[in-house]
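> Here it is, the structure, as structure tokens.
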Amino acid sequence: MHQFLDFEKPIADLEGKIEELRHLSSDGDLNIAEEVSKLEVKVERQLRTTYQRLTAWQKVQVARHPGRPHAQAAIDRLIEEFVPLAGDRSFADDLAIVGGVGRFKGRSVVVIGTEKGATTEERVRRSFGMARPEGYRKARRLMQFADRFGLPILTFVDTAGAYPGVDAEARGQAEAIARAIETCLDVRVPLVATILGEGGSGGAVALASGNRVLMLEHAIYSVISPEGCASILWRSAEHAKDAAEAMKMTAQDLEKLGVIDAIVPEPLGGAHREPEQALDALGAAIDSHLSALVGRDGGQLRAERRDKFLEIGAAE
């Protein structure tokens, strides 16, 4: 059963009526196809109206929807012959970061992503996609591997932020994130990053400092969560809606600000409704941007990547 968000209640009511009518139809000879068809048109119209005018806070809810495709789903759909690589060769294997080698559209690539998990048990095992230092060191190791063998890098980001625990801080969380960002900026191969859902803080930037940064239409990307921002500025997380509006964290805002390079349209009603369709559109977008980068001089790729991020926010 599809999980509806709070603002989707009118849609939920209509789809509930459709299910009731279909159940009645299957129990007898009653032909209700015409009535179902009318309701389906209403559902589509309501979806279109609702999703064309989402507020920033509503986009936060869509970006966090549990049915939204995560990094592993993107790998399963877009990457052939995928071989996972594990561990940071120093401490442990962080399951919040997945990565390995495979083929994308026939081209050998290294893939890295933050993975939240699909079930409750898996989310706990993966720390809800919040990586520890060993996760970022694994990501860095894979980026260096890609650089050594001349393989393009694809990253898929979906995290509320880096793991905030004492153990992570004790093992050098800030240093690990900084080194991952440094490696993103230093490699001499194309790096295309995608924000799938949440792009939270340095935990996202550690994998998203690429030549091209793409965002799904209803994804979010910010230095802090709306709740965290509200707790600091208003001393209450209840002002999260106000914070979301003020932070300019939607894909549309960030494209205008030059923080990201392109927005990938989602199916009507969000990627959680049609995840395969959403991932296919993402694959086409990645292919287009990656094709423009492959074959270019490594030094030029690195210089342009560094310049790109230095220019963000520069005064006119």
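The values are calculated or read from the model by the stated rules, or taken from the named source; none is laboratory data. Only a predicted model underlies this, so the values are computations on that prediction, with no experimental measurement involved. Ideal geometry is used to build each Cβ from the backbone, glycine not excepted, and the neighbour counts take in all protein chains shown.
> May I ask you to list the residues in segment 190-206 that are surrounded by fewer than 24 Cβ atoms within 10 Å (Cβ to Cβ) and of a type in the set (Val, Ile, Thr)?
Matches in segment 190-206: Val205 only.
> Within segment 153-172, how many residues turn out to be surrounded by fewer than 24 Cβ atoms within 10 Å (Cβ to Cβ), in contact with a Lys or Arg (Cβ under 8 Å, 6 or more places away or on another chain) and not in a loop (DSSP other than H, G, I, E, B)?
2
> How many residues does segment 51-75 contain that are farther than 19 Å from Gly135 by Cα, without any contact (Cβ under 8 Å) to a residue 60 or more places away in the chain and surrounded by 14 or more Cβ atoms within 10 Å (Cβ to Cβ)?
2
> Which residue pairs have Cβ atoms under 6 Å apart, sit 6 or more places apart or on different chains, and have a first residue in segment 251-262 that is under 16 Å from Gly210 (Cβ atoms) and a second that is part of a helix (DSSP H, G or I)?
Hits for this filter: Ile260/Leu254.
> Report yes if Ile232 is more than 22 Å from Val109 (Cα to Cα), at pLDDT 95 or above, in a helix (DSSP H, G or I) and not aromatic (Phe, Trp, Tyr), otherwise no.
In short, no.
> Now for a separate question. Any idea which residue in segment 68-89 is nearest to Phe145 (Cα to Cα), counting only those that are hydrophobic (A, V, I, L, M, F, W, C) and not in a strand (DSSP E or B)?
Of everything passing the filter in segment 68-89, Leu85 is nearest to Phe145 (Cα to Cα).
> So which of Ala92, Ala139, Ala118 ends up being in a helix (DSSP H, G or I) and small (Gly, Ala, Ser)?
Working: Ala92 fails: in a helix (DSSP H, G or I); Ala118 fails: in a helix (DSSP H, G or I).
Going through Ala92, Ala139, Ala118 in turn, just one is in a helix (DSSP H, G or I) and small (Gly, Ala, Ser): Ala139.
> Let me ask you something else. Of the numbered conditions (1) at pLDDT 95 or above; (2) over 20 Å from Gly313 (Cβ atoms), Ala237 satisfies every one except a single condition; which is it?
For Ala237, the failing item is (1).
> Considering only residues that are crowded, with 24+ Cβ neighbours inside 10 Å and under 15 Å from the mean Cα position of the chain (by Cα), look in segment 100-123 and name the one that is farthest from Glu81 (Cα to Cα).
Of everything passing the filter in segment 100-123, Lys116 is farthest from Glu81 (Cα to Cα).
> Starting from residues that are surrounded by fewer than 16 Cβ atoms within 10 Å (Cβ to Cβ) and either in contact with a Phe, Trp or Tyr (Cβ under 7 Å, 6 or more places away or on another chain) or at pLDDT below 95 (or both), keep the ones in segment 124-147 and report whichever is nearest to Asp76 (Cα to Cα).
Among them, the one singled out is Arg125.
> Next question, about the same structure. Condition first: assigned to a loop (DSSP other than H, G, I, E, B) and either among the basic types (Lys, Arg) or in contact with a Gly (Cβ under 7 Å, 6 or more places away or on another chain) (or both). Now tell me which residues in segment 245-270 satisfy that.
Residue satisfying the conditions is Lys248 alone.
> Scanning segment 271-313 for residues that are aliphatic (A, V, I, L, M), under 30 Å from Val43 (Cβ atoms) and part of a helix (DSSP H, G or I), which turns out farthest from the chain's Cα centre (by Cα)?
Restricting to residues being aliphatic (A, V, I, L, M), under 30 Å from Val43 (Cβ atoms) and part of a helix (DSSP H, G or I), the top hit is Ala284.
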